[in-house]
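Have a look at the structure below, then the notes.
Please treat every number below as a calculation from the coordinates, not as lab data. Small disclaimer: the values here were computed from a predicted structure and weren't measured. Glycine gets a Cβ as well: all are built from the backbone with ideal geometry, and neighbour counts include every protein chain shown.
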Ligand code: BES
Ligand code: MN
Ligand code: ZN
């Protein structure tokens, strides 16, 4: 599929399907749209009246145009209230158009939507993301592709000529989002610590990043007892992945992104029971997937920023070698942890990843993790939890999230709650009481960061979508990639 920015006027565009956006309660046709309506023999006005089209965000109607019209079909898409017009509403409206265009079996699609905030580049980027992410389809595990209909081959963004750079940038970012979706969607017998390391290697080779993989012995030498405690029941070797993107010349900043990388979380000896969602625990490497997706995008975008991409990848399994509830582990900073629940494994792997990362001397660290069910209870499936002691870094991430449309909400890191993590025998337990579970998990992570500005994103809810939602189809969302990339690219 090719996305082009063209200068063909709305009235002269020809092709299978032309899409036009209308704001809510402002569906009367003026200017070019009035002329277009005349050209289409009044069919737009008729459609709006007949279908009681109000321009609500996410709504759309389609109609065939008569006889030998140079445009086969027209799509009207609702943009919602003009006062509430956000970059993400534009992205979602474009996704609605893309899906409708595909359903109408259009090979060529012309889209004319208003420019957001007079910003041509952001408009072109968001529209490209909306199209790419909505039309992405995963047929890897079907013996026959389910959808054999014609694919959209060409998308023309009207009125955005000159925005090739922004479209290209969006395509590069989407390649990272799609990699993350593919990694999360693939089953846990296909995405393993070994294949995650291979994926990192492919990114390094293709986009010129440096790669270091620490094997079990390397991690032992570094004293990563918390990570290795989780890994010890798996028949597969753990892989500690460290990819580095270095710009030419002196970097403006040095950043690190860490992702939780449990390719499967059985719970360990505190095994997840029926109804716990154990069969969905392939998503538990969603943080690592977003980290690799961001690496793929950054490798192509080549910003003036050094970025480290890190994940301690393993499975949480059961066997005679498994860590026992009650075991005490020693992390690489010397802190001791009483494992009172083997299902709180993500924080154990992240503990050693955080200690390792801080030694790199970066300016800021962000980790992404499908860390707690408690965060899903608090914020649902559309919003990730942001936990950070650092106001400036939090503000940077909130700004990036506003641009990406990936919602995050800052949660309190109430120090007092760490009392629930106190252990009678070790420095801390890995699990506190049920209440405030996403907060105590974050406070646990905080024990492994000394002074570098750090933020944690709990993406347990947002990593997967049960229903179609804007540019997300049911399944893996690739959540985090676009926010992280925007954060890295921003000058802050
Ligand atoms: N991987 C899970 C969290 C999770 C839940 C991810 C739902 C995706 C969707 C994590 O390792 C876990 O098991 N957390 C426990 C922690 C508890 C034992 C303190 C939880 O949330 O129940
Ligand atoms: Mn778990
Ligand atoms: Zn987990």
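Can you tell me the relative contact order of segment 341-491? Whole percent, Cα pairs under 8 Å, sequence separation 6 or more.
Relative contact order here is 36 percent.
For segment 124-258, what are Rg and Dmax over the alpha carbons, in angstrom?
So, for segment 124-258, Rg and Dmax equal 19.5, 58 Å respectively.
I'd like the FRET efficiency for residue 168 and residue 425, computed as 1/(1 + (r/R0)^6) with the beta carbon distance as r and R0 of 56 Å, rounded to 0.05.
Numbers: r = 57 Å, r/R0 = 1.01.
Efficiency computed from Cβ-Cβ geometry: 0.50.
Remind me, relative contact order of the chain in percent, using alpha carbon pairs under 8 angstrom and six or more residues apart?
Numbers: 1131 pairs, mean separation 74.0, N = 492.
Here the relative contact order equals 15 percent.
Where in segment 199-231 is the amide nitrogen less than 18 Å from a point lying 7 Å along the Cα-to-Cβ axis of residue 318?
Backbone N within reach: 230-231.
Say a paramagnetic label sat at a point 7 Å from the Cα of residue 360, along Cα to Cβ; which residues of segment 160-195 have their backbone N under 19 Å from it?
Taking a point 7 Å out along Cα→Cβ of residue 360, the residues of segment 160-195 whose backbone N falls under 19 Å are 176-177, 180.
For a quick check: sort 227, 444 by the number of other beta carbons within 10 angstrom, fewest at the front.
Values: 227 30, 444 24.
Final ranking by Cβ density, sparse to dense: 444, 227.
Quick one: check the C-alpha center-to-center distance for segment 470-492 versus segment 183-204, whole angstrom.
After rounding, the separation between the Cα centres reads 19 Å.
Give the angle, between 0 and 90 degrees and rounded to the nearest 10, that separates the Cα long axis of helix 286-301 from the longest principal axis of the Cα atoms of the chain.
60 degrees
Measure nothing fancy, just the Cα-based angle from helix 164-185's long axis to the longest principal axis of the chain, in degrees from 0 to 90, nearest 10.
Long axis of 164-185 versus the principal axis of the chain: about 50 degrees.
I need two numbers for segment 425-492: Rg to one decimal and Dmax as a whole number, Cα atoms only, in Å.
Every Cα atom of segment 425-492 included, Rg and Dmax give 16.3, 50 Å.
Given R₀ = 60 Å, what would the calculated FRET efficiency be for residue 82 paired with residue 278, taking r from the Cβ atoms and rounding to 0.05? If you can, show how the numbers build up before the last one.
Values: r = 47 Å, r/R0 = 0.78.
Calculated value: 0.80.
If you stretched the chain out fully between residue 206 and residue 328, how much longer would it get, using 0.36 nm times the residue separation minus the C-alpha to C-alpha distance?
39.8 nm
For segment 1-144, what does the convex hull of the Cα positions come to per residue, in cubic angstrom?
Values: hull volume 18.2 nm³, N = 144.
Enclosed volume per residue, from the Cα hull, is 127 Å³.
Taking the chain as the reference, fit the longest principal axis to its C-alpha atoms, fit the long axis of helix 120-135 to the helix C-alpha atoms, and give the angle between the two in degrees, 0 to 90, nearest 10.
80 degrees
Output needed: percent of Cα pairs per 10 Å distance bin for segment 385-467, bins running from 0 to the one holding the longest distance.
Going from the shortest bin to the longest, the percentages are 16, 44, 30, 9, 1.
So what's Rg/Rh here for segment 261-364, counting alpha carbon atoms and using the Kirkwood radius for Rh? Walk me through the numbers on the way to the answer.
Details: Rg = 16.0 Å, Rh = 15.4 Å.
Rg/Rh for segment 261-364 comes to 1.04.
Hey, how much of the P(r) for the chain falls beyond 42 Å, as a percent of Cα pairs?
On the way: 27301 of 120786 pairs.
Looking at the chain, the distances longer than 42 Å represent 23 percent of pairs.
Taking the Cα centroid of segment 93-121 and of segment 16-31, what is the distance between the two, rounded to the nearest whole Å?
Computed from Cα coordinates, the inter-centre distance equals 12 Å.
How much length would be gained if the chain were fully extended between residue 336 and residue 107, taking 0.36 nm per residue of separation minus their Cα-Cα distance, in nm to one decimal? The partial results should precede the final answer.
Numbers: separation 229, 0.36 × 229 = 82.44 nm, distance 6.00 nm.
Result for the pair: 76.4 nm of gain on full extension.
How would 477, 357, 291 line up from fewest to most surrounding beta-carbon atoms within 10 angstrom?
Values: 477 28, 357 23, 291 33.
Fewest-to-most ranking of 477, 357, 291: 357, 477, 291.
Give me 456, 308, 242, 321 sorted ascending by neighbouring Cβ count inside 10 Å, so fewest comes first.
Numbers: 456 31, 308 24, 242 21, 321 11.
Going from least to most buried by this count: 321, 242, 308, 456.
Just to verify a number: FRET efficiency for residue 215 and residue 252, C-beta to C-beta distance, R0 = 35 Å, to 0.05? Please report the intermediate quantities before stating the final value.
On the way: r = 33 Å, r/R0 = 0.95.
Step by step, r from the Cβ atoms, then E = 0.60.
Just for the Cα atoms in segment 212-254, what are the lengths along the principal axes, largest first, rounded to whole Å?
Reported extents, whole Å, longest axis first: 43, 19, 14.
What area, in nm² and to one decimal, does the C-alpha convex hull of segment 186-331 cast on average over all directions? Please report the intermediate quantities before stating the final value.
Values: hull surface 38.0 nm².
Approximately 9.5 nm², given one-decimal rounding.
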